[in-house]
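Please read the structure below before turning to the comments.
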Amino acid sequence: MTQAQPPRPSRLCASINLDLPGKQVGDIMLRWSDNSVPLGYHPVPIVSLRGSDGPTLLLLGGTHGDEFEGPAAILRLIERLDLADLTGQIILIPALNAPALAVSSRVSPLDGQNLNRAFPGDPDGGPTAMLAHYVETVLFPRVDAVIDLHSGGKASVFAPCALASRCVEATLTAANLDLACAFGAPLIWMLGAHNDNRSVNAAAARSGVPMIAAELGGGGNITPGIVDMTETGLLRCMSHLGLLNKTVPPLAPPQLVEVTSAFDSLYAPANGLFDRQVSAGREVKAGEVAGHLRFPDDPARTALDLSFPNSGFVLAHGNRGMVRRGDLLALVAQNVPEGL
Ligand SMILES: [Zn+2]
């Protein structure tokens, strides 16, 4: 019989003590010796707001560094939240992948890795694996809920939605869905068998912690109004979790969708210029034209009319003009029947 290995400790540490009350501002110190920082650390800013006793919420933004809506909303809360209104603790990390946000990159410039495909991570791996390991082994065990804010980044634009995972434990699925409803986005994207088990969502499910993500637009910038919606949604989640000593008005019930087949979505069949006709946030029918693929290097060539392979709801559209064969042009989801 092989002996169980003791858990390997994180090589990262925070410059603040999360057990202390009040407002603290510091860094997760990511020590990765490279040409730019040979002996110091790459800072990942972290803020703790701890009021009277209560639950703990972890807010993450910038897991991908070209998604700006989440960091903006979390920075607003750091500026505007009043400790006197808090029952419990909020740990706010505006840019979990801070080195990536600094250069507006989806993946880390330190090792080219995607943080949302790096869980459960590795304390002895590269900087992205070390960061994922810290989140899953140091932060998740001390929190009661997690919210991870994403958007379509430079590559795509999403209909604003909250994402909730279906988990093995029905109670955790229900808690995820309740939190997603509390966020108040018009749409909820249910994650099931197609979700990647190396994501923040999957890590939270492994840890048994209720969690939602959100997709908040994208296109490599911030659409006016979306950070307002996110800020209000986060306050509504805090109220739902019992963290906020004031009420936030509820919203209308959301629409629930799920990606049930990768083959409902539309991909570029060739390299070319995509003359897009449909935006995220719309119901479409099978056979409906999504756009035309044109060929700037061969103007005499007839354009390809690209149509949706199946009916559904366009959850996201690609944000690129010139596309390559295999690029996602439209992510198509299906409505979830009532009662899941
Ligand atoms: Zn993302």
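This table checks each residue for (1) outside any helix (DSSP H, G or I); (2) open to solvent by 50 Å² or more (accessible area, probe 1.4 Å).
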residue: 231; (1), (2): no, no
residue: 247; (1), (2): yes, yes
residue: 260; (1), (2): yes, yes
residue: 263; (1), (2): no, yes
residue: 269; (1), (2): yes, yes
residue: 278; (1), (2): yes, no
residue: 291; (1), (2): yes, no
residue: 309; (1), (2): yes, yes
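Please verify whether residue 188 is in a strand (DSSP E or B), under 19 Å from residue 44 (Cβ atoms) and either within 15 Å of the ligand (Cβ to nearest atom) or open to solvent by less than 10 Å² (accessible area, probe 1.4 Å) (or both), treating the condition exactly as stated.
Answer is no for this residue.
Might you let me know whether segment 149-168 holds any residue that is under 22 Å from residue 99 (Cα atoms), within 15 Å of the ligand (Cβ to nearest atom) and of a type in the set (A, V, I, L, M)?
Taking every residue of segment 149-168 in turn, at least one turns out to be under 22 Å from residue 99 (Cα atoms), within 15 Å of the ligand (Cβ to nearest atom) and of a type in the set (A, V, I, L, M).
So if I check each of 157, 135, 143, which one is in the same structural domain as residue 53 (by TED's automatic domain parsing), more than 29 Å from residue 221 (Cα to Cα) and among the aliphatic types (A, V, I, L, M)?
Going through 157, 135, 143 in turn, the sole match is 143.
Among the residues of segment 139-174, write down those that are in contact with a strand residue (DSSP E or B) (Cβ under 8 Å, 6 or more places away or on another chain), open to solvent by 30 Å² or more (accessible area, probe 1.4 Å) and either in a helix (DSSP H, G or I) or within 18 Å of residue 317 (Cα to Cα) (or both).
Passing the criteria: 142, 154, 155, 157, 160.
Of everything in segment 126-148, what is under 24 Å from residue 175 (Cα atoms) and within 15 Å of the ligand (Cβ to nearest atom)? Give them in sequence order.
Of everything in segment 126-148, those that are under 24 Å from residue 175 (Cα atoms) and within 15 Å of the ligand (Cβ to nearest atom) turn out to be 132, 135, 146, 147, 148.
Given the structure, is residue 58 buried (at least 22 other Cβ atoms within 10 Å of the Cβ), more than 16 Å from the ligand (Cβ to nearest atom) and in the same structural domain as residue 202 (by TED's automatic domain parsing)?
Yes; evaluated as a whole, the condition is true for this residue.
Just one of (1) within 14 Å of the ligand (Cβ to nearest atom); (2) not in a strand (DSSP E or B) trips up residue 19, so point out which.
Checking residue 19 against (1) within 14 Å of the ligand (Cβ to nearest atom); (2) not in a strand (DSSP E or B), the one that fails is (1).
Among the residues of segment 204-226, write down those that are away from the ligand (no atom under 16 Å from the Cβ) and part of a helix (DSSP H, G or I).
205, 206, 207, listed by residue number.
For residue 319, only one of the following conditions fails: (1) open to solvent by less than 50 Å² (accessible area, probe 1.4 Å); (2) of a type in the set (S, T, N, Q); (3) touching a residue at least 60 places away in the same chain (Cβ under 8 Å). What is its number?
Just one mismatch for residue 319, condition (1).
Determine if segment 23-45 includes at least one residue that is within 20 Å of residue 244 (Cβ to Cβ) and of a type in the set (Val, Ile, Thr).
No, every residue in segment 23-45 fails to be within 20 Å of residue 244 (Cβ to Cβ) and of a type in the set (Val, Ile, Thr).
Search segment 321-340 for residues being under 17 Å from residue 154 (Cβ atoms) and assigned to a loop (DSSP other than H, G, I, E, B), and hand back the single one that is modelled with the lowest pLDDT.
The qualifying residue modelled with the lowest pLDDT is 321.
The values are calculated or read from the model by the stated rules, or taken from the named source; none is laboratory data. None of the values given here were measured: they were computed from a predicted structure. No Cβ is skipped: glycine too gets one built from the backbone with ideal geometry, and neighbour counts run over all protein chains shown. Note: accessible area is taken over every heavy atom of the protein model, side chains too, but ligands, DNA and RNA are not part of it. Shrake-Rupley method; radii C 1.70, N 1.55, O 1.52, S 1.80 Å.
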